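Undergrad: One structure coming up, written as structure tokens, with questions to follow.
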Amino acid sequence: MHRFKAYMGTKDFYFHVLYIAIPMIIQNLITNFVSLLDNIMVGQVGTLQMSGVSIVNQFVFVFNITIFGSVSGASIFGCQFFGQKNHEGQKYTFRFRLLFASLIILFGLFIFSIFGDSLIQLFLSKDDSLEMITQTLQYGKEYLNIILWSLIPFGIGQVYCSVIREIKETKIPMYAAMSAIGINLVLDYALIFGKFGLPQLGVAGAAIATVISKIIEASVMIIWAHTHLERNQYLIGAYRHLFHIPGNLAIQILKKSFPLLMNEFLWSLGMSTIAQCYSVKGLEVVAARNIASTLTNLFGVIYIQLGSATGILIGTKLGASLFEEAKDDVKKLMPFCCVITTIFALILIPVGKIFPMMYQTTTTIKDLATYFIIVQALAMPLWSYVNASYFILRSGGKMGITFLFDSGYTWIILIPFAFYLTHFSLLNIHSILILVTFTDAIKAILGYFLIKSEIWVNNIVD
């Protein structure tokens with residue numbers, strides 16, 4: 001029993017963890033819940049419309065995760081500077097994030113504008129009818145041409161969101177998400193179906209509603225930060241000399257940021273590549289996977305944000321050189337993340353049997369979507385452990401190891417395996433999904449040994 005006590009924290013410890021994590025969870029739950037309702041509304045219009053939107057959202061997903069990577073490298077320094085109460089250091093990391101994210105936004109707009117059609121066609125199976133392929137491509141293009149304008153407010157919003165979270169004001173991004181949800185839902189309903197005197201725009205209406213909601217969400221965080229300078233002292237004079245970042249610090253941040261940026265880009269691209277592998281099995285699989293991922297993403301917020309909170313807590317301790325406390329916290333946080341995730345995964349299974357019934361699509365697609373949901377629910381505790389391992393490694397600035405652990409594993413092991421199974425084996429999608437999903441057990445084992453080695457125990461800002 002004494003042995004297990006090392007892995008259990010006090011009530012105050014867990015209260016502090018939840019104080020950081022719950023606002024982040026609520027913020028992302030709101031965002032994903034809006035996406036869920038948005039997806040259901042589009043699903044009411046038709047299966048091909050839903051598939052077109054789903055395909056485009058794969059590209060938006062890659063952009064969103066890349067933006068996350070572009071701010072995360074500097075955020076590691078920002079957390080540790082905050083632990084030292086070094087506002088000037090935080091200011092430099094804020095400037096770096098703003099400039100870096102702006103470059104990613106411009107690059108994203110360029111790629112989607114020029115190569116959008118070709119990207120959508122990668123997810124269209126030749127086994128489907130020409131009419132289905134043509135219509136799905138048309139709906140995808142219609143949605144993409146509007147949704148790409150959401151990249152700007154999302155990117156800038158994430159810069160502010162990351163630095164606001166560093167100072168442990170995690171409720172503000174939550175309030176920002178809540179302020180946008182009502183308008184998003186009303187506009188979704190009105191513009192997709194043509195209600196309240198507004199035109200019926202279908203997938204275009206869903207895209208317009210999303211762009212407006214992203215603008216509102218970013219605006220709330222930006223306005224709060226600049227009107228509460230006593231809590232955001234790093235913003236004082238931050239824009240006056242926007243391009244001034246001490247050379248040595250800029251090089252250090254870039255050394256950490258670039259591998260992390262590439263990791264997030266390659267990992268998200270890898271996830272989209274696996275989705276593309278599944279898509280060769282036909283548009284029915286694309287539609288079923290879209291329905292399933294809408295729900296599993298909502299529940300997945302729990303373990304993702306618990307991992308993110310773990311990274312913030314451990315990074316702050318490392319920045320203050322409280323190494324023994326950081327190691328002790330990791331022992332308690334890892335099982336906590338897995339236990340909480342398991343509880344929600346068990347709730348997801350029965351919900352997953354009901355959720356696909358809300359879509360106006362075929363019985364085959366609904367049954368396949370339910371299967372996807374159950375398999376992913378069973379994998380969530382495993383993913384929770386992997387996710388927490390990732391954030392702990394990242395908090396100590398071990399970018400090379402983090403890169404190999406995350407995107408290296410994805411491209412060296414997971415993608416070749418998924419490609420072989422979908423293109424060369426005779427297995428059906430049910431067997432393929434199980435084999436690909438639970439291959440992540442390899443990653444969990446790697447995570448266990450890396451965390452145990454304590455290679456992540458570093459102060460990178462002294």
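Undergrad: Which condition from (1) β-branched (Val, Ile, Thr); (2) part of a loop (DSSP other than H, G, I, E, B); (3) at pLDDT 95 or above is the one that VAL457 breaks?
TA: (3) is the only condition that VAL457 fails.
Undergrad: Looking at LEU242, LEU229, can you tell me which residue is touching a helix residue (DSSP H, G or I) at 6+ places or on another chain (Cβ under 9 Å) and free of Cβ contacts under 8 Å to residues at least 12 places away in the same chain? Explain how you work it out, then say what you get.
TA: On the way: LEU242 fails: free of Cβ contacts under 8 Å to residues at least 12 places away in the same chain.
The unique qualifying residue is LEU229.
Undergrad: Looking at ILE365 and the list (1) over 24 Å from LEU283 (Cα atoms); (2) buried (at least 21 other Cβ atoms within 10 Å of the Cβ); (3) at pLDDT below 95, which single condition is not satisfied?
TA: Going through the list (1) over 24 Å from LEU283 (Cα atoms); (2) buried (at least 21 other Cβ atoms within 10 Å of the Cβ); (3) at pLDDT below 95, ILE365 breaks only (1).
Undergrad: Further question: Kindly list the number of the only condition in (1) without any contact (Cβ under 8 Å) to a residue 24 or more places away in the chain; (2) farther than 26 Å from VAL301 by Cβ; (3) assigned to a helix (DSSP H, G or I) that fails for LEU18.
TA: The one condition LEU18 does not meet is (2).
Undergrad: Mind checking which pairs have a first residue in region 388-400 that is over 23 Å from VAL301 (Cα atoms) and a second that is crowded, with 24+ Cβ neighbours inside 10 Å and at pLDDT below 80, Cβ under 6 Å, 6 or more apart or different chains?
TA: Correct list of pairs: GLY397/ILE76; MET399/LEU260.
Undergrad: Shifting gears a bit: Condition first: more than 21 Å from the chain's Cα centre (by Cα) and either more than 18 Å from MET41 (Cα to Cα) or of a type in the set (Asp, Glu) (or both). Now tell me which residues in region 364-388 satisfy that.
TA: Across region 364-388, the qualifying residues are THR364, ASP367, LEU368, THR370, TYR371.
Undergrad: Moving on. Every residue in region 184-206 that is surrounded by fewer than 18 Cβ atoms within 10 Å (Cβ to Cβ) and of a type in the set (A, V, I, L, M, F, W, C), please.
TA: Just the residues of region 184-206 that are surrounded by fewer than 18 Cβ atoms within 10 Å (Cβ to Cβ), to begin with: 185-186, 193-200.
Answer for region 184-206, where residues must be surrounded by fewer than 18 Cβ atoms within 10 Å (Cβ to Cβ) and of a type in the set (A, V, I, L, M, F, W, C): LEU185, VAL186, PHE193, PHE196, LEU198.
Undergrad: Condition first: surrounded by 18 or more Cβ atoms within 10 Å (Cβ to Cβ) and polar (S, T, N, Q). Now tell me which residues in region 343-360 satisfy that.
TA: Residues of region 343-360 that are surrounded by 18 or more Cβ atoms within 10 Å (Cβ to Cβ), as a first pass: 344-345, 348, 352, 355-356, 359.
None; the set is empty.
Undergrad: Scan region 106-125 for residues that are under 14 Å from SER150 (Cα atoms), in contact (Cβ under 8 Å) with a residue 12 or more places away in the chain and surrounded by fewer than 22 Cβ atoms within 10 Å (Cβ to Cβ) and jot them down.
TA: Correct list: LEU109, PHE112, SER113.
The values are calculated or read from the model by the stated rules, or taken from the named source; none is laboratory data. Everything numeric in this text was worked out from a predicted model, so none of it was measured. Cβ sites come from the backbone with ideal geometry, for glycine too, and all protein chains shown count toward neighbours.
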